[in-house]
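Below is one structure; the comments refer to it alone.
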Amino acid sequence: MQPGDAERSSSDSTLRRVIGTRMLLLFVVGDVLGAGIYALVGEVGAEVGGAIWTAFTAALVLALLTAFAYAELVTKYPQAAGSALYVDRAYGIPFLTFVVGFAVMASGIASASTLARAFAGDYLEQFVDVPLVAAAIGFILVVAAVNLRGIAESVRVNVALTCVEVIGLLLIVAVGVAALGDGSADFSRNFEFKEGEGVVLAILGGASLAFYALIGFEDSVNVAEEVRDPARAFPRALFGGLAIAGVIYLLVTMTASMVVPTGTLSGSSGPLLEVVERGPLDIPLKLFAFIALLAVANGALINMIMASRLVYGMARRDIIPAGFGSVLASRRTPHVAIAFTTLIAAVLISTGD
């Protein structure tokens, strides 16, 4: 098939359609509730002051505007390749499609590689001391095995990890409720803005960082060929997932601000760990480290699923060699694309930081 040819029908897909609306919703929630929130609360606080929730609200509005575009495009073109497919349909220029697809693939693999090193670093050292690169490569190979096993199994793992992520963030909210109860929280900090900075500029500066914690929902369009009734499932999953993640983020940011002084938050590399340490609840740090490990693992899994499906989708549209579009007959998974993206990730893990 040449670029610009008629759209393949759903029945022509060689991938297995096993993802329902609820699974897709949790896929979106898990992708948005990634590792970003564990670090960005302090960074946003440095930009906006104690009113961190205002920056996250502005970022949520921007994310919703982006989601409207993706919801329309994925229901019109329910195929793998995501943004690369949409560029191909709009312009029909193979090189432009390749550039967009390569950029998105590279961002996904780079993110997964970074998360693999994070998994093998300080968090894992809470439990076992192993060489970082070896542990990170071993981790990315386990991710590849789950990905190769099948999309149904991958999404089930994602659902389980997402539930743990949500529990971890709800623990932070519980700390806030307890702090309000015993009078140790300062709720007024949620309405304090950075001194010497205009309110609007402060919110926009914080939103530019907070938006990073909300991205991820767009990755879901790359599994469009594996979703049952994508025209019905995607709008519900995209907007529902962003709404759930947005509410959790607002509660978490308000809790962080009222439990920990803004200056301490902005100067910490682990601001939510500061909340756990200063809060009135006795939450073991190893438990929180374990939850963070699973959050990192979930982010890596979703990014590698996205990257492999993007490579597969570009091959199906003849943007890259057709061999990358090969599918493992027994599992109906794009094994060549999975192997290729995993190899790149292993190289990045070994050479980057």
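The values are calculated or read from the model by the stated rules, or taken from the named source; none is laboratory data. What you see is a predicted model; the values in this text were computed from it and never measured. Cβ coordinates were reconstructed from backbone atoms using ideal geometry, including for glycine residues, and neighbour counts include every protein chain displayed. Just so you know, the surface numbers come from the protein's heavy atoms only, side chains and all, with ligands and any DNA or RNA stripped out. Shrake-Rupley method; radii C 1.70, N 1.55, O 1.52, S 1.80 Å.
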Handout entry: the stretch 1-144, accessible surface, carbon-and-sulfur percent (1.4 angstrom probe)
Key = 65
Fill in the blank from the handout: Looks like the stretch 82-222, by Cα gyration tensor root eigenvalues a ≥ b ≥ c and the a/c under 1.5 rounded cutoff (else prolate when a/b is bigger than b/c, oblate otherwise), is oblate
Completion exercise
Result row for the chain, helices from DSSP H with C-alpha axial extent 15 Å or more and mean Kyte hydropathy at least 1.0, is 21-32, 37-48, 52-76, 94-118, 132-149, 151-182, 199-214, 230-259, 285-316, 335-351
Completion exercise
SASA check, LYS194, accessible area w/ 1.4 Å probe, all protein chains in place, rounded to nearest 10 Å², comes out at 80
Problem - the stretch 12-60 versus the stretch 266-336: alpha-carbon centroid distance in Å - result: 12
Practice task
Report the relative contact order of the chain, percent, no decimals, based on alpha-carbon pairs under 8 angstrom and at least 6 residues apart.
Solution key: 40
Practice task
Mind ranking 319-330, 207-218, 83-94, 304-315 by how tightly packed they are, going by the mean number of other C-beta atoms within 10 angstrom, highest first?
Solution key: 304-315, 207-218, 83-94, 319-330
Problem - Ranked packing of 57-64, 107-114, 219-226, most packed first, by mean Cβ within 10 Å - result: 219-226, 107-114, 57-64
Practice task
First compute the accessible area of the stretch 290-337 with a 1.4 Å probe, then give the percent of it belonging to carbon and sulfur atoms.
Solution key: 66
Exercise for the section: Compute the accessible area per residue over the stretch 173-235, keeping the other protein chains in place, probe 1.4 Å, unit Å². Expected result: 47
Fill in the blank from the handout: Site ARG16, offset 7 angstrom along Cα→Cβ, radius 14 Å on amide nitrogen, limited to the stretch 218-234, gives 226-228
